[in-house]
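Please read the structure below before turning to the comments.
The values are calculated or read from the model by the stated rules, or taken from the named source; none is laboratory data. Small disclaimer: the values here were computed from a predicted structure and weren't measured. Cβ: placed from backbone, ideal geometry, glycine included. Neighbour counts: every protein chain shown. Note: accessible area is taken over every heavy atom of the protein model, side chains too, but ligands, DNA and RNA are not part of it. Shrake-Rupley method; radii C 1.70, N 1.55, O 1.52, S 1.80 Å.
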Amino acid sequence: MTEPTSGSGTIVVGGTGRVAVVPDVAELRLGVSIARPTVAAARAAAATAMAAILAAVADAGVARPHIRTTLLSVQPRYDYRDGKAPTLTGYDLSNVVEVTVRDLATLAGVIDGALTAGATSLDGLTFRVDDLREPERAARTAAVAEARARADVLAAAAGVVITGVAGIVEGGPPPTWPQPKAARMLMAVEAATPVESGTTEIAVTVTVTFTIG
């Protein structure tokens, strides 16, 4: 193996860029669960309840394409008391929709309207950034800048000069929909439900190979 000649060396360092952004989209699940003696009665009651919920969500400003059914199930209900054979007592019907709210100013109205209309479940509240391109661009720029700063320290300590960049690899898993650092939901009866979206951190990691001379 030949020894590398002067000017052929490299410094390989990593850098991470982080950008905090405010989410602009919320997603949540709203549902209704109905128990009735027959399937037909459960279906009719659940349909009426869900229609009222959908109307309330629409009145709060959510367009129909942003509402999607995620669960529709019917389960028999049995009575297991007294150690006897199970006795069929009725049916439970559940209908759950996922709602995407693109105007966070209307989120409290969506929640309050749905609960007032008869929703019996509310869960899965998450926040995300609709367009990640600009935050990711800023995070990549910060990541490369951090890598260069680290390389400068190493080069100065070694008594060499950075002459260029031989390669850049973006590492880590691909970005996923970020979760908020802080999210809080408090139920209220008379006042509007307070909902805080917090901030979301977009992080990008790179590995940069610098040439030295």
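List of remarks:
- Residue check: residue 31 meets all listed conditions (1) out of contact with any Lys or Arg (no Cβ under 7 Å at 6 or more places or on another chain); (2) farther than 20 Å from residue 195 by Cα but one, namely (2).
- Residues that are at pLDDT 50 or above, in a loop (DSSP other than H, G, I, E, B) and open to solvent by less than 40 Å² (accessible area, probe 1.4 Å), drawn from the stretch 159-213: 193, 197, 198
- Counting only strands (runs of 3 or more DSSP E) that sit wholly inside the stretch 10-127, those with at least 2 residues that are without any contact (Cβ under 8 Å) to a residue 60 or more places away in the chain, open to solvent by 20 Å² or more (accessible area, probe 1.4 Å) and out of contact with any Pro (no Cβ under 6 Å at 6 or more places or on another chain) are 25-36, 67-79, 87-101.
- For the condition without any contact (Cβ under 8 Å) to a residue 40 or more places away in the chain, open to solvent by 30 Å² or more (accessible area, probe 1.4 Å), out of contact with any Cys (no Cβ under 9 Å at 6 or more places or on another chain) and more than 21 Å from residue 196 (Cα to Cα), residue 152 qualifies.
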